[in-house]
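A.B. asks: Okay, here's the structure, questions in a sec.
The values are calculated or read from the model by the stated rules, or taken from the named source; none is laboratory data. Here the structure is a predicted model, which is why all the values come from computation and not from measurement. No Cβ is skipped: glycine too gets one built from the backbone with ideal geometry, and neighbour counts run over all protein chains shown. These accessible areas exclude ligands, DNA and RNA; they are computed on the full protein's heavy atoms, side chains included. Shrake-Rupley method; radii C 1.70, N 1.55, O 1.52, S 1.80 Å.
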Amino acid sequence: MTSLDCNKPETKSCGCSSGSGKKMLIPAIPPVDKWGHIKCRISDKFRMNYAVEPGLYSIGNPGESSPVLVTANYRLACDHLRKAMEKSSAWVLVIDTKGINVWCAAGKGTFGTSELINRINCTKLDTIVKHRSLILPQLGAPGVSAHKVTKATGFSISYGPILANDIPAYLEAGKEATADMRTIKFPLRDRMILTPIEFFAALRKYVWLILGLMVFMGIESSGILIKPAFVNSWPLIISGLISVITGSVLFPVLLPFIPFRSFALKGMILGIIVIIPSLLFYDKIYYGNPFLASASILFNITLISFIALNFTGSTPFTNISGVKREMKFSVPVYISMCIISSILLIIFKLQKWGVV
Amino acid sequence: MGCRLNYLKNVVSLKLNREKCTGCALCTDVCPRGVLHIQNHKVEIINRDRCIECGACSTNCAFNAISVKSGVGCAQAFINAIITGGEPECGCSKNGRSSSGCC
């Protein structure tokens, strides 16, 4: 159904537009970029544009019988592959996933059957290698129907291990991956590496919340005043910031150790543990006001649970049916808790004004 | 450690049609959670609750022996879907600003 779609940058990079008699110049995969890795762990925007031009690349000195490894045009994926294959030679077929990693792109279908077929044809892979087999990352499997690719191109597909680092061992074993290589893990290191992105994403939204809160606290009968805006807001700003850190950093780190399976519930447990001790400083933080204290505590526990629930998308062990079920019971709870919290805050405000 | 990372019980939509299974074992290769196992030349579900509904097995089964309602296990995706009125999917498009570490 899909016609050949050699878009502009691709045609340029694979140089397959004309002159079939000439020897093609296939670029080496770009060197590993360590600074880029750090940046893409912090900035979403940077990561989204951290792409390699799709096309055929080489690692080492591949020949017509060297293996062909397929990956996404996400720079980090190419870097991992290059590092893992440092001592070997291979072809790397980089397919266009719009700069998204293999796993997510496969879920979305951009690391998919039609793009792979298209890229095999575009790069004239059949003229470069003698064999007819491709090695795909295992996590690309949700997007690719191996049998359809074979039918369309003649290339058979073997799914390699999950991690690029295991590829040499996989090749050595005659394209056999152990059960361990095939099972996804989520160790502390992997959970930690996600936290900066989670933190900044939560923080960006939190800034708006702070501004709203300050305006609310600043509202006096004589207009919006700066002093009450600061004085009455800061305890809530600080506790909110603690909640953002708890939800986006502490939660991922402690994930396997917090009881219950539901992320919303896990988050609520962690929220209670972190937020309740603030009552020790009842007079200082909440000015001894029960309405302010309960509004803040309720809201912060909700916030932590909500950020925790959002972490479902960053883990490799949640599923859509489960998230659906979680949302069903947690969203109504969140909304009610926010409403109660707002009412309590309004009562606090009315007390200040001497209305109540 | 891995054993602790289990999600909700009894929610998974994975279904097998053992009659259609030829025992090629490609599904056991692609499953990243060790859900499937070949027994007597037929596929068997051995860890149903570990399934993440990624759809790798069903997409790669040439014989339609496996079906699963696949999708992203991501709350943010559901929230985006509610806001935009679309299907729940990662906000990981080129122009869309992904707000979580969805990918």
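A.B. asks: State, in square angstrom and to the nearest 100, the accessible area buried between chains B and A, both chains counted, probe radius 1.4 Å.
C.D. replies: So the buried area, both faces added, is about 4700 Å².
A.B. asks: Run the accessible area of the stretch B:15-75 with a 1.4 Å probe and give the carbon-and-sulfur part as a rounded percent.
C.D. replies: Accessible surface attributable to carbon and sulfur in the stretch B:15-75 totals 47 percent.
A.B. asks: Could you work out the mean projected area of the convex hull around the alpha carbons of the protein assembly as shown, in square nanometres to one decimal?
C.D. replies: For the protein assembly as shown, averaging the hull's shadow over all directions gives 25.0 nm².
A.B. asks: What are the membrane-span-like helices in chain A by this rule: whole DSSP H runs, Cα extent along the axis at least 18 Å, mean Kyte-Doolittle hydropathy at least 0.5? Write out the running numbers ahead of the final one.
C.D. replies: Working: long enough: A:188-218 (43 Å, 1.05); A:290-310 (30 Å, 1.68); A:320-352 (47 Å, 1.00).
Span-like helices in chain A: A:188-218, A:290-310, A:320-352.
A.B. asks: Counting only the backbone N, which residues of the stretch B:3-29 are under 19 Å from the spot 7 Å out from the Cα of B:Lys69 toward its beta-carbon?
C.D. replies: B:7-17
A.B. asks: Could I ask something else about it? Filter the trypsin sites (Lys or Arg not before Pro) in the stretch A:38-132 to those in DSSP coil with at most 11 other Cβ atoms within 10 Å of their Cβ, and list the result. Each step should come with its number before you reach the end.
C.D. replies: Values: sites: A:Lys39, A:Arg41, A:Lys45, A:Arg47, A:Arg75, A:Arg82, A:Lys83, A:Lys87, A:Lys98, A:Lys108, A:Arg119, A:Lys124, A:Lys130, A:Arg132; in loops: A:Lys87, A:Lys98, A:Lys124, A:Lys130, A:Arg132.
Here the sparse-neighbourhood loop sites are A:Lys87, A:Lys130.
A.B. asks: A follow-up question, please. What share of all Cα pairs of the stretch A:250-350, in percent, falls into each consecutive 5 Å distance bin?
C.D. replies: 2, 13, 21, 20, 17, 12, 8, 5, 2, 0
A.B. asks: As a test question: what accessible area, to the nearest 10 Å², does A:His80 have when a 1.4 Å probe is rolled over all protein chains in place?
C.D. replies: 90
A.B. asks: Using a probe radius of 1.4 Å on heavy atoms only, what accessible surface per residue do you get for the protein assembly as shown? Whole Å² is fine.
C.D. replies: That works out to 48 Å² per residue.
A.B. asks: Return the distance in nm (one decimal) between the two label points of a simple spin-label model at A:Trp35 and A:Leu211, each offset 7 Å from Cα along Cα→Cβ.
C.D. replies: Calculated label separation equals 3.2 nm.
A.B. asks: Assuming R0 = 51 Å, what is the FRET efficiency of A:Ser336 and A:Ser89, from their Cβ-Cβ distance, to the nearest 0.05?
C.D. replies: About 0.25, to the nearest 0.05.
A.B. asks: On to the next question. Sort out the exposed loop chymotrypsin sites (Phe, Trp or Tyr not before Pro) in chain A (DSSP loop, at most 15 other Cβ within 10 Å) and tell me the longest stretch that has none.
C.D. replies: A:1-259
A.B. asks: May I pose another question? Would you list, by chain and number, the lysines whose Cα falls below 21 Å from the Cα of B:Lys15, excluding same-chain residues fewer than 8 positions away?
C.D. replies: Candidates past the 8-residue exclusion: A:Lys324, B:Lys42, B:Lys69.
A.B. asks: Of the GluC sites (Glu not before Pro) in the stretch A:41-119, which ones lie in a loop per DSSP and count no more than 15 other C-beta atoms within 10 Å?
C.D. replies: Working: sites: A:Glu64, A:Glu86, A:Glu115; in loops: A:Glu64, A:Glu86.
Answer by residue number: A:Glu64, A:Glu86.
A.B. asks: Rolling a 1.4 angstrom probe over the protein chains, ignoring ligands and nucleic acids, what is the accessible area of A:Val323 in square angstrom, nearest 10?
C.D. replies: 0
A.B. asks: Same structure, new question: Counting only other chains, and only Cβ atoms inside 10 Å, what mean value do you get across the residues of A:193-199?
C.D. replies: The shielding value for this peptide is 2.
A.B. asks: Something else: Considering only protein heavy atoms and a 1.4 Å probe, what is the carbon-and-sulfur percentage of the accessible area of chain A?
C.D. replies: Percent of accessible area from carbon and sulfur atoms in chain A: 66.
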